[in-house]
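See below for the structure under consideration.
Nothing in this text is a laboratory measurement; each read-out follows from the coordinates by a stated rule. Fair warning: this is a prediction, and the values are worked out from it, not measured in the lab. All Cβ positions, glycine included, derive from the backbone under ideal geometry; neighbour counts span all protein chains shown.
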Amino acid sequence: MTPFRERLIIQPVARFVSEEHIRTLLILFSAIVFVFFTTKEYIPFAARLVVPFLLILLMTTGQMKQRVVLLFCVVLGLGLNVWANYYVIANHGFMITYIGIALMIACAAGAQASAVMARAAVLLISILMGLALIQKLVSPHYMTGALVGGYLANGYIFKTLISLFYSNWPEVVQQNLTGQKLLLSTPPGEGSVVPLTVPPFVQLLAIVLTYAALFSQVAIEAFVLLRARLGIWTHYAVLLFVLIIYSTRNENVFLSMNLILGYAMTDAQTKKARLWYVIGIAYLLIMEMMGLRPGIFG
């Protein structure tokens, strides 16, 4: 791209996302809610029809009072969606509702909106990581490596990557899936046992990934708590954490919520990380809408 085009396109966008903190947050929030409402089958048609218009108004208005009213309407829709689909809705259905409430409170604070949202983001991401860590620690299924091992054995994660080192891995995965289908079709009480074929190095990989996830969540908690001292490195840690999780799970909407909380935590000293958060959210949402994922992570 020529320097003229760079000045015309890239620099204004970078300046906008770096300087317009609350406005960019509202745009990012609107984009996440839109993708969430349009990619989940259990969302009622009426909500899919009404919410996008509310989000357009939210992104375009510059008055804080109007933003509060519009956010209240969007949060009400998100809350009703959680209530109506309580037993089937994913965790990020709750998280996006909490983020919407935090944004509404922040906008109600007027000139202090950025500071209020930053404090709310620290609280939300700390609770999110803390509860996820506790859930893993108290789960024998997770701590033994069985959960991650199951993902590996079924080819849900790193199937392509493992195949680079173990050429028969696709056939092994297919055998495992076929065996599990046979087990599920067996009437209860007949005592059928279908062993999984998992090479020793894959079992070791499962243990390594299991404890690497624990370490990364502890590290993120530490970085967030020490953010005043670590500065920009806290945001690099959040971005790296999202990249690591993205390599293992296709949870683009949920990961975009982690990034918007990271963006909300930025201040004047760390605002150069804001563009990376915006790029990350845009990438995740575009991939979610298009149903694409890098083959190496398949």
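Roughly how many debye, to the nearest 20, is the charge dipole of the chain about its Cα centre, given +1 on each Lys and Arg Cβ, -1 on each Asp and Glu Cβ, and no other charges?
740
Net charge around Lys159, counting only other residues with Cβ within less than 14 Å of its Cβ (Lys, Arg = +1; Asp, Glu = -1)? Don't skip to the answer; put the middle values down first.
Details: positive: Arg249, Arg293; negative: Glu171.
Charge balance in the 14 Å sphere: +1.
Tally Lys and Arg at +1 and Asp and Glu at -1 over the other residues with C-beta under 13 Å from the C-beta of Leu275: what net charge comes out?
Combined, the nearby Lys, Arg, Asp and Glu give +2.
Which of the three applies to the range 102-186, rounded, prolate or oblate, going by the alpha-carbon gyration tensor with a ≥ b ≥ c and a/c under 1.5 meaning rounded?
Taking the square roots of the gyration eigenvalues as a ≥ b ≥ c, the range 102-186 is prolate.
So how strong a dipole does the range 223-298 carry about its Cα centre when Lys and Arg Cβ are +1 and Asp and Glu Cβ are -1, to the nearest 20 debye?
The calculation lands at about 240 debye.
Quick one: Kirkwood hydrodynamic radius for the range 150-298, alpha-carbon pairs, angstrom, one decimal?
About 17.8 Å, per the Kirkwood formula over Cα pairs.
Could you tell me which of rounded, prolate or oblate describes the range 25-113, using a ≥ b ≥ c as the square roots of the eigenvalues of the alpha-carbon gyration tensor, with rounded for a/c under 1.5 and, failing that, prolate when a/b is larger than b/c and oblate otherwise?
In terms of gyration-tensor shape, prolate.
Using only Cα positions of the range 142-184, each an equal point scatterer, no hydration layer, compute I(q)/I(0) via Debye at q = 0.25, 0.28 Å⁻¹ and quote the log10 values to two decimals.
Cα-only, vacuum Debye calculation for the range 142-184: -0.87, -0.97.
Using the Cα centre of the range 22-145 as origin and beta-carbon charges of +1 (Lys, Arg) and -1 (Asp, Glu), tell me which of Val69, Ala113, Ile56 is placed farthest towards the positive end of the dipole.
Ala113
For Phe254, what charge total do you get from the other residues with a beta carbon under 15 Å from its beta carbon, if Lys and Arg give +1 and Asp and Glu give -1?
My count for the surroundings of Phe254 gives +1.
I'd like to know which of Ala132, Asn154, Val13 lies farthest towards the positive end of the charge dipole of the chain, counting +1 on Cβ of Lys and Arg and -1 on Cβ of Asp and Glu.
Val13
Under Stokes-Einstein, with the Kirkwood radius over Cα pairs standing in for Rh, what whole-number D in µm²/s applies to the range 1-154 at 37 °C and 0.692 mPa s?
Answer from the Stokes-Einstein relation: 184 µm²/s.
When the label point is put 7 Å from the Cα of Leu184 along its Cα-to-beta-carbon vector, which residues of the range 237-257 have a backbone N closer than 16 Å?
No residue passes the distance filter.
May I ask you to compute the full-extension gain from Thr197 to Ala132, defined as 0.36 nm times their residue separation minus their alpha-carbon distance, rounded to one decimal in nm?
Answer, rounded to one decimal: 20.4 nm.
Could you work out [θ]222 nm for the chain from helices alone, using -39500 (n - 2.57) per DSSP H run of at least four and dividing by all its residues? Round to the nearest 500 deg cm²/dmol.
Result for the chain: -24000 deg cm²/dmol, rounded to the nearest 500.
Over all distinct alpha-carbon pairs, what is the Kirkwood Rh of the range 221-298 in angstrom?
Every distinct Cα pair counted, the radius reaches 12.9 Å.
Pull out the extension gain between Thr60 and Ser247, defined as 0.36 nm times the separation in residues minus the alpha carbon to alpha carbon distance; nm, one decimal.
Answer, rounded to one decimal: 63.9 nm.
Mind pulling up the Rg/Rh value for the chain? Radius of gyration and Kirkwood radius, both on Cα.
1.02
Which of Ala90, Phe241, Val202 sits closest to the plus end of the dipole of the chain, meaning its Cα is farthest towards the positive end, when Lys and Arg get +1 and Asp and Glu get -1 on the C-beta?
Of Ala90, Phe241, Val202, it is Phe241.
Go through 24-33, 68-77, 129-138 and give me the packing order, highest mean Cβ count within 10 Å leading.
Put in order of decreasing packing, that is 24-33, 68-77, 129-138.
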